[in-house]
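In what follows, a structure is listed as structure tokens, so that the remarks can point back to it.
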Amino acid sequence: MPPTGARPGSVLRVVLGVSGGIAAYKACELLRLFTESGHDVTVVPTAAALEFVGAPTWSALSGKPVSTDVWSNVHQVPHVRIGQSADLVVVTPATADVLAKAAHGLADDLLTNTLLTARCPVVFAPAMHTEMWEHPATRANVATLRERGCLVIEPAEGRLTGKDTGKGRLPEPPEIFDTCREVLARGTTTPDLAGRRVVVSAGGTREYLDPVRFLGNRSSGLQGYALARAAAARGAEVTLVAANTSLPDPAGVKVVRVETTGQLRDEVVSAAASADAVVMAAAPADFRPVDPSGTKIKKAADGFAPSIDLTQNPDILHELSTERARPGQVIVGFAAETGDDTGSVLDLARAKLARKGCDLLVVNDVSGGAVFGSPENEAVILAADGAAVEVPRGSKAALAHVVWDEVTRRLASR
Ligand code: CTP
């Protein structure tokens, strides 16, 4: 597990670097999320960060003294000790300036010294105006940091400091927190999916009978979101095609929202054209009404219920698998099975893997509806080459990482 001294379940030493952007106030919430989870947080703001949020706030929320320079408590050698003893350094918000300093190894304050001495995973959550994020200098600095193994979370799109909108907004603190938890659980930011584009589908599609009623299913989208978050934490460029979910956008992930199986198919196929891997964690409705009513269907006076003709939806996984958009693309399906009198869960899953033609099939035993909406999952990952990996009951995040481990191995060998 963690090579850097991170101890799951124990108190972890987190350094929260804060640089001088208006989003510094959001780092207070991130700090609370870490401390309320029992972690030991040392806040290291830059001098510019203190223009936005003062040292007393950081000190009160972390329960520790706060300094920005290397001249306080010199006998404790803080410019070396803080970085050396950290399990995780997360810089939120990371300005263009701090990214540039980190990329070039400058060390003119406590935060930049800490970044040079840290040997643990380092996460940057940038926030800045779109022009600054897109500037070639920033692009080069981000690329350098990623090459060195840092995780630089893609900023979100949305309202910026002024009236303008665009890419450069800080992802929401709970999402940055979840990404950090991914990194802490893995113990590394080694970006083994860096430079890879992946597509994940999540949620359950709806097929409308009329403007207010639909056929749907119980998929919560949690597993797909965990897959998207895990892939982003491993450096991938992630498109999440989400069907009818009410979950917050994972940090650094492009989210495309859909409702029906037809829309899901179009968005997934379009994104798959440039993807290295596609994971179909969504539960698409298999059938749709042939002729949905444009107006609300009324109860009949004679008490008869309407009969609704259904037609079959496209099988997206089968299409992706049989018409591979790119050579070497890895396609992963999910199967929720109960087993029946024709075969066990694994018998049915093996047959489904062959029928769909995908590389990997993540099989859940859902007898009793155990998985839906639960934060946990257990599965067997079947491979087209006959291999099987059992994943014991654990978090959906843990299962997501095993899926990406399997995908990464296959991508590397193609
Ligand atoms: N899937 C898909 N398109 C569909 C239905 C399912 O891409 N129209 C994908 C799901 O996202 C999942 C996998 O296929 O990754 C298996 O889903 P499942 O519902 O088990 O497959 P079905 O073909 O519908 O099989 P069954 O007849 O057992 O329901």
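The values are calculated or read from the model by the stated rules, or taken from the named source; none is laboratory data. Just so it is clear, the model here is predicted, and its values are computed rather than measured. Cβ placement follows ideal geometry from the backbone for every residue including glycine, while neighbour counts extend to all protein chains displayed.
Here is a yes/no grid of residues against (1) within 16 Å of the ligand (Cβ to nearest atom); (2) out of contact with any Gly (no Cβ under 9 Å at 6 or more places or on another chain):
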{"position": "ALA232", "(1), (2)": "no, no"}
{"position": "ARG265", "(1), (2)": "yes, yes"}
{"position": "VAL269", "(1), (2)": "yes, yes"}
{"position": "LYS296", "(1), (2)": "no, yes"}
{"position": "LYS299", "(1), (2)": "no, yes"}
Review point. Do you know which residues across the stretch 334-370 are small (Gly, Ala, Ser) and either assigned to a loop (DSSP other than H, G, I, E, B) or near the ligand (Cβ under 10 Å from one of its atoms) (or both)?
Key: ALA335, ALA336, GLY339, SER344, ALA349, ALA351, GLY357, SER367, GLY368, GLY369, ALA370
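Just checking, how many residues over the stretch 9-36 are assigned to a loop (DSSP other than H, G, I, E, B) and either without any contact (Cβ under 8 Å) to a residue 24 or more places away in the chain or not polar (S, T, N, Q) (or both)? Reasoning before the result, please.
So the first thing to find is which residues in the stretch 9-36 are assigned to a loop (DSSP other than H, G, I, E, B), and the list is 9-12, 19-23.
If we keep only those that are either without any contact (Cβ under 8 Å) to a residue 24 or more places away in the chain or not polar (S, T, N, Q) (or both) as well, we get 9-12, 20-23.
Result for the stretch 9-36: 8.
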Check your understanding: Are any residues in the stretch 47-68 surrounded by 14 or more Cβ atoms within 10 Å (Cβ to Cβ) and more than 22 Å from ASN113 (Cα to Cα), and if so, which ones?
Key -> THR57, LEU61
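Any chance you could count how many residues in the stretch 178-203 are modelled with pLDDT of 95 or more and surrounded by fewer than 21 Cβ atoms within 10 Å (Cβ to Cβ)? Explain how you work it out, then say what you get.
Going through the stretch 178-203, the residues modelled with pLDDT of 95 or more turn out to be 196-203.
So of that shortlist, the ones also surrounded by fewer than 21 Cβ atoms within 10 Å (Cβ to Cβ) come out as 197.
Counting residues in the stretch 178-203 that are modelled with pLDDT of 95 or more and surrounded by fewer than 21 Cβ atoms within 10 Å (Cβ to Cβ) gives 1.
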Practice item. Pairs only if they're at least six apart or on different chains, beta carbon under 6 angstrom, first in the stretch 314-339 and at positive phi, second within 12 Å of the ligand (Cβ to nearest atom) and not in a strand (DSSP E or B); list them, first residue then second. Key: GLY339/VAL345
**Study point:** In the stretch 301-314, residue nearest to the ligand (Cβ to nearest atom) [restricted to those that are surrounded by 12 or more Cβ atoms within 10 Å (Cβ to Cβ) and aliphatic (A, V, I, L, M)]
**Key:** LEU310
Check your understanding: Residue check, LEU317 against (1) of a type outside the set (Lys, Arg); (2) within 11 Å of the ligand (Cβ to nearest atom); (3) surrounded by 13 or more Cβ atoms within 10 Å (Cβ to Cβ); (4) over 21 Å from ARG288 (Cα atoms), all met but one. Which one?
Key -> (4)
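From the set of residues in the stretch 371-411 that are part of a loop (DSSP other than H, G, I, E, B) and over 17 Å from the mean Cα position of the chain (by Cα), which is modelled with the lowest pLDDT? Break it down into steps so the answer makes sense when it comes.
Here is the first cut: in the stretch 371-411, the ones part of a loop (DSSP other than H, G, I, E, B) are 371-375, 384-387.
Then drop every residue that is not over 17 Å from the mean Cα position of the chain (by Cα), which leaves 371-374, 384-387.
Numbers: VAL371: 60, PHE372: 65, GLY373: 67, SER374: 76, ALA384: 96, ASP385: 92, GLY386: 94, ALA387: 95.
Here the answer is VAL371.
This table checks each residue for (1) assigned to a helix (DSSP H, G or I); (2) of a type in the set (Val, Ile, Thr); (3) at pLDDT 95 or above; (4) within 20 Å of ALA236 (Cβ to Cβ).
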position: THR114; (1), (2), (3), (4): yes, yes, yes, no
position: ALA125; (1), (2), (3), (4): no, no, yes, yes
position: GLU131; (1), (2), (3), (4): yes, no, yes, no
position: ALA140; (1), (2), (3), (4): yes, no, yes, no
position: ARG146; (1), (2), (3), (4): yes, no, no, yes
position: GLU157; (1), (2), (3), (4): no, no, no, yes
position: LYS163; (1), (2), (3), (4): no, no, no, no
position: GLY166; (1), (2), (3), (4): no, no, no, no
Practice item. Output the residue which, of all residues in the stretch 320-333 that are within 12 Å of LEU361 (Cα to Cα) and crowded, with 24+ Cβ neighbours inside 10 Å, is farthest from the ligand (Cβ to nearest atom). Key: ILE331
Check your understanding: Does the stretch 267-294 hold any residues that are surrounded by fewer than 17 Cβ atoms within 10 Å (Cβ to Cβ), aliphatic (A, V, I, L, M) and closer than 16 Å to PRO327 by Cα, and which are they?
Key -> ALA273
